[in-house]
Every structure is written in structure tokens, then in C-alpha cells.
Amino acid sequence: MMELNSLRQFLVVARLEHLSRAADELRVAQPSLSRTIARLESDVGVPLFDRSGRLRLNDAGKLFRDHVERALGELDAGRRAVAEATSEGLGGVRLASETFLTLTGPLAAFKREHPALEIELQWSSSEDMARRLRAQDVDLCVASQPIHAEGLQSAHLFDEPVSVVVPLGHPLAGRTTVTVEELADQPFITARQGHWLRRLLDRLFAAHGLTPHIVCESDEHSAIAGLISAGLGIGLVPAFARRTAPHAPVSWITVDSAHCRRTVTLYWGADSHLSTAARLMRTMITRWDWTTGAPQGEQSSVG
């Protein structure tokens, strides 16, 4: 019989595809973890990983992972629903996003309005969001590019241009528009693989048969504009960031491409049980005025 702990350990190994790192994260001995995975494969009846070279989740493993995530998600959702019902509380809310700078306003307003509610914030790439929502690993996700997946509901939040930002004194600084081809040899400061800003940069260049010249990949996305203003390179930056740092010593230039934009959307699982807290958070975010940076009307409706 499969044990819940074995299934949870399998999910960690499936995510990391590395036994020693999974053992470190789980704080178990690697030989013990290897035996757990072997027993699980024996119970399922087929190998779940390819072991030629680097450990890789195979097709059977991916299929099994999806079912395990949904099953454990339902159990966790059941526990939360019972706790909410028996304690007559509002529960908590788990929000995942690719960037939280955009959400500072509604999050702060939500916390002021509901100071006792627990909010758990998690960074997530958009590629993982659909799976995590269906598995009920998180309640809500905010993505900066559309997610095309079944089993989700969504609410469009806002759409904005993404400009190329260059330091003052740069040869392009006096321009109002620039083509992708003109950016081909420029040194780019951008986010790491998986972040929406990096995917947008790669897509823009790939559409012209080009590869961006990247000189810095930063996990600190708020530092990108600072590195650009210091003259270390140029980069793509959404218009929202311009409102947060209007006097930064940089020049903003429109990219001559209709695809150089950010579409921000809130997602949740179509069949998920959302706690009262999660529904309140959904209402706050969907009713937020992104132009003025203030809530629209009353935020107390659960919806």
C-alpha cells in the first residue's frame, strides 16, 4: 500500500530530478530515499524515472506525478475546508506570482482590511502555475503572460507595454522607437530562465532569427533598472516599473513590436475549493484600479 509520506517524497524527487538534492530538502538519507522510490515503482508496476545518465522523470512518472499532486491536493483542501468549517474562521490564502512588486498595492490594502488573515506568498514560473493550481498547492496565481491550460478560471487584470530601457548617454537614448534588429548586439540585463521577462526577450529575438546578447541574469528583478542606470547594459522593463521609479536616470524607448507587452491575469482552479480568505483576496485583486493604485468601491464581498 502506498504511504502518503512516500508520495510526498516522490513529488520532491520528481520536481528536482536529483536524489541527493531531494534527500537534502527532505532531510532524509539518500539510500533511504532511493529505497522509497524503488518501492513506489514496484507498487506502480513500472519505472517512473529514466536513470541513464541524469535522473529524469519519464512519461509514466509524469502521468503518475499529475495524479499524485491532485490526490494530495484534494486531501490538503479537505483538511483546510474542515478546519475552516469547524473553527468558523476565514482560512488562509496562498498566492503565487512571477513578481510581487506589481501586487504591492492590493496586498497592502488586503492586509489592512484583514489583518488577522494568513497570507502565504510563493514565487512561481507561469509554466508551473496550471499544475500547482490543479493540484491545489496554491489558491491563486498572477501571471504576466497568458496561461493556456484546461481546468483554470481567470480574470484579466491589466495590459501594458514593455519598453527597452537604456542608461542616459547611451547611443539609443534619444530615440523614441527602436526595432529588435537594432538591439541585436546590445548587452542585455534580464531575469533568469523561466521568468516572464526573459521569455518575452527570447521570443522577441527568436521571431527575427536572433539571440539576445545577455551579460547579466538577475534574480533581483528590482535591481535590473539600477544596473541599467549604472551603465552596465540595457533591458526590457514593464511600464508599471516606471511609475514606481519615475526619476530613474534612464531613457525609456518603445520597441517596434506589437508583441512587446505584458498581459497580467489572475488564475484559480475551476474545481478548487477556495477558502473565504482566498475569495476575499480574489475580490481585492480583481477590483483593484491599476491606474490609480487604489481599490475600487467596497472590498468586503466574498463573491
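Mind listing whichever residues of the stretch 178-205 are closer than 13 Å to Glu217 by Cα and aliphatic (A, V, I, L, M)?
Ile189, Ala191, Leu197, Leu201
Is it fair to say Glu69 is touching a residue at least 40 places away in the same chain (Cβ under 8 Å), in contact with a helix residue (DSSP H, G or I) (Cβ under 6 Å, 6 or more places away or on another chain), surrounded by 14 or more Cβ atoms within 10 Å (Cβ to Cβ) and closer than 22 Å to Leu133 by Cα?
no
What helices (runs of 4 or more DSSP H), lying completely within the stretch 204-290, carry at least 2 residues that are in the same structural domain as Ala173 (by TED's automatic domain parsing), touching an Asp or Glu at 6+ places or on another chain (Cβ under 8 Å) and under 20 Å from Ile189 (Cβ atoms)?
Fully inside the stretch 204-290 and qualifying: 239-244.
Which pairs do you get when a residue that is polar (S, T, N, Q), found in the stretch 44-59, comes within reach of a residue that is surrounded by 12 or more Cβ atoms within 10 Å (Cβ to Cβ), reach meaning Cβ atoms under 7 angstrom, with the pair 6+ apart or on two chains?
Asn58/Pro47; Asn58/Leu48; Asn58/Phe49; Asn58/Asp50
Specify the residue that is nearest to Thr291 (Cα to Cα); the eligible residues are those in the stretch 157-191 that are surrounded by 14 or more Cβ atoms within 10 Å (Cβ to Cβ) and among the charged types (D, E, K, R).
Restricting to residues being surrounded by 14 or more Cβ atoms within 10 Å (Cβ to Cβ) and among the charged types (D, E, K, R), the top hit is Glu160.
Any residue at all in the stretch 127-142 that is crowded, with 17+ Cβ neighbours inside 10 Å, of a type in the set (Gly, Ala, Ser), closer than 23 Å to Asp159 by Cα and touching a helix residue (DSSP H, G or I) at 6+ places or on another chain (Cβ under 6 Å)?
Checked the stretch 127-142: no residue is crowded, with 17+ Cβ neighbours inside 10 Å, of a type in the set (Gly, Ala, Ser), closer than 23 Å to Asp159 by Cα and touching a helix residue (DSSP H, G or I) at 6+ places or on another chain (Cβ under 6 Å).
Which one of these is within 24 Å of His259 (Cα to Cα) and over 15 Å from the mean Cα position of the chain (by Cα): Val142, Val162?
Val162
Restricting to the stretch 105-144, give me the number of residues that are out of contact with any Ser or Thr (no Cβ under 6 Å at 6 or more places or on another chain) and assigned to a loop (DSSP other than H, G, I, E, B).
So the answer is 11.
Run Leu117 past the list (1) crowded, with 17+ Cβ neighbours inside 10 Å; (2) within 17 Å of the chain's Cα centre (by Cα); (3) not small (Gly, Ala, Ser) and report the number of the one that doesn't hold.
(2)
Would the stretch 212-230 turn up any residue that is buried (at least 20 other Cβ atoms within 10 Å of the Cβ) and touching a Lys or Arg at 6+ places or on another chain (Cβ under 7 Å)?
no
The values are calculated or read from the model by the stated rules, or taken from the named source; none is laboratory data. The structure displayed is predicted, hence computed values, not measured ones. Glycine gets a Cβ as well: all are built from the backbone with ideal geometry, and neighbour counts include every protein chain shown.
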